[in-house]
Amino acid sequence: DVDRIAIPYDAYYYPFKFMWKMGKEYISMKKRDWNNKANIKSSTLHIVEIASTRTPSVMKKVISEGLIQHKIMGKVPPIEFVDHHLCHAITASYYSGFKSALVLIVDGSGESNCTTLYDYNDGDLKLLEKYEIPDSLGWFYAGITEYLGFQPYRSEGQTMGLAPYGKRNDEIIRKLTKIVNISKEKYSVAPEYLLAGKHTYGLHFSDLMVELLGFPRHPSEPILDIHKNIAWTAQYILEECVKKIIDNAIRKYGKNNICLAGGVAMNCKMNGSIANETLSEDIFVFPAAGDAGSSLGAACYISGDEAKINRKILDHTYYGPSFSPDE
């Protein structure tokens with residue numbers, strides 16, 4: 001019954017363009033006196049691993065083998081690949097109910113993009129601005145999450161939940177703004193504290209972060225005030241970055257309806273700050289803001305005009321099977 005399969009990643013980007021982009025990035029880091037051979041080797045292997053697992057042939061093979069494992073035999077429908085952030089942007093805008101809005105996507109990364117801003121007008125999306133690798137707020141928050149003893153890309157909600165138990169600490173702010181630098185117009189991320197560099201203690205933060213903040217918390221260890229204050233600061237920095245992007249965009253482009261998606265948009269505290277502390281008039285956050293939801297955006301994209309015409313307000317997420325009280 002399936003005519004086509006849509007994947008919310010542009011797999012054709014990864015074998016060549018991704019390697020070229022990341023190669024330029026590490027040359028840039030080396031020029032910043034980051035010349036430790038172990039760091040360069042570790043980071044290069046990480047790049048190659050990502051690029052080699054997201055090629056069209058590998059992803060098509062995974063899908064075909066997965067179908068066979070579920071006893072679905074026969075010819076596999078055509079598999080199409082769609083830009084990752086565009087998929088997020090479609091979900092955030094098509095189901096918002098807005099005729100016109102600014103669409104902000106914030107996540108770890110998709111292809112080379114980490115944060116993107118789109119203009120949305122009645123079914124049409126236009127890319128306005130983008131932050132590319134390594135300027136990833138998702139990488140930053142995942143690194144802090146793992147440093148605090150939680151599971152990165154899964155337990156960021158625990159970091160968010162821990163943050164209000166902490167307090168402002170100017171010394172920690174000073175240290176973490178070495179990782180995320182916030183200027184008047186934009187932000188930048190120093191990857192040598194995160195995915196780049198040598199990783200003795202974790203996968204998403206480097207030894208350089210340990211030099212900066214001290215030894216990370218093991219999951220079995222108690223949560224101390226220092227951990228609460230680091231969580232508070234990470235949340236504060238995240239919110240300051242995103243609020244600045246939104247307010248600057250509203251002033252620049254003259255629209256104050258905001259749509260949000262991407263894994264970082266699952267941070268409901270940040271979303272509340274956007275609603276209450278920016279120039280926005282109304283906001284819509286796609287409920288499945290993470291990568292699971294981007295699959296719907298990929299399906300909408302390859303459906304073309306049909307998806308544009310049939311877009312509607314998503315006012316609940318109670319799809320799927322139902323169960324009686326007895327069950």
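Observations
- Residue pairs, from the table Lys61/Lys243; Lys244/Lys312; Lys175/Lys269; Lys60/Lys243; Lys167/Lys243; Lys60/Lys244, whose Cα atoms sit over 32 Å apart: Lys61/Lys243; Lys60/Lys243; Lys60/Lys244
- The chain - percent of accessible surface contributed by carbon and sulfur, probe 1.4 Å: 54 percent
- Accessible surface, 1.4 Å probe, highest first, among residues Leu195, Leu127: Leu127, Leu195
- Aspartates and glutamates with Cα under 14 Å of Lys255, excluding same-chain neighbours fewer than 8 positions away: Asp119, Asp122, Asp247, Glu281, Asp282
- Around the amide H of Glu132, modelled in the peptide plane, lie the amide H atoms of Cys114, all under 5 Å away and 5 or more residues distant in sequence or on another chain.
- Among Cys114, His85, Gly66 - extreme Cα towards positive end, dipole of the stretch 61-114, charges at beta-carbon: Gly66
- For the chain, the solvent-accessible area works out to 52 Å² per residue, with a probe of 1.4 Å and every protein chain left in place.
- When both the stretch 166-215 and the stretch 58-81 are represented by their alpha-carbon centers, they are found 40 Å apart.
- Net dipole in debye of the chain [+1 Lys, Arg Cβ; -1 Asp, Glu Cβ; about Cα centre; nearest 20]: 960 debye
- Scanning residues 5 or more positions from Ala6 or on other chains, those with amide H under 5 Å from its amide H are Glu80, with H placed 1.01 Å from N in the peptide plane.
- Cα-based Rg and Dmax for the chain, where Dmax is the largest Cα-Cα distance (Å): 20.6, 66
- When all protein chains stay in place and ligands, DNA and RNA are ignored, the 1.4 Å accessible-area order of Arg168, Arg54, Arg154, largest first, is Arg154, Arg168, Arg54.
- Dipole moment magnitude, nearest 20 debye, the stretch 71-151 about Cα centre, only Lys, Arg, Asp, Glu C-beta charged: 380 debye
- Scalar couplings 3J(HN,Hα) for the stretch 156-161, obtained by applying the Karplus form with A = 6.51, B = -1.76, C = 1.60 to θ = phi - 60°, are 4, x, 6, 5, 4, x Hz; x denotes Gly and Pro.
- With all projection directions averaged, the alpha carbon convex hull of the stretch 118-251 covers 9.1 nm².
- Equivalent ellipsoid, the stretch 57-125 (semi-axes from 5 times Cα gyration tensor eigenvalues, Å): 32, 15, 9
- Inter-probe distance in nm under a simple model that places probes 7 Å from Cα toward Cβ, at Asp170 and Ile313: 4.7 nm
- Intensity falloff of the stretch 184-307 expressed as log10 I(q)/I(0), Debye formula with alpha-carbon point scatterers, at q = 0.12, 0.15, 0.19 Å⁻¹: -0.66, -0.94, -1.17
The values are calculated or read from the model by the stated rules, or taken from the named source; none is laboratory data. On a predicted model such as this, the values are computed, not experimentally measured, just so you know. Neighbour counts are summed over all protein chains in view; Cβ atoms, including those assigned to glycine, are modelled from backbone coordinates with ideal geometry. Surface accessibility is based on the protein's heavy atoms, side chains included, excluding ligands, DNA and RNA. Shrake-Rupley method; radii C 1.70, N 1.55, O 1.52, S 1.80 Å.
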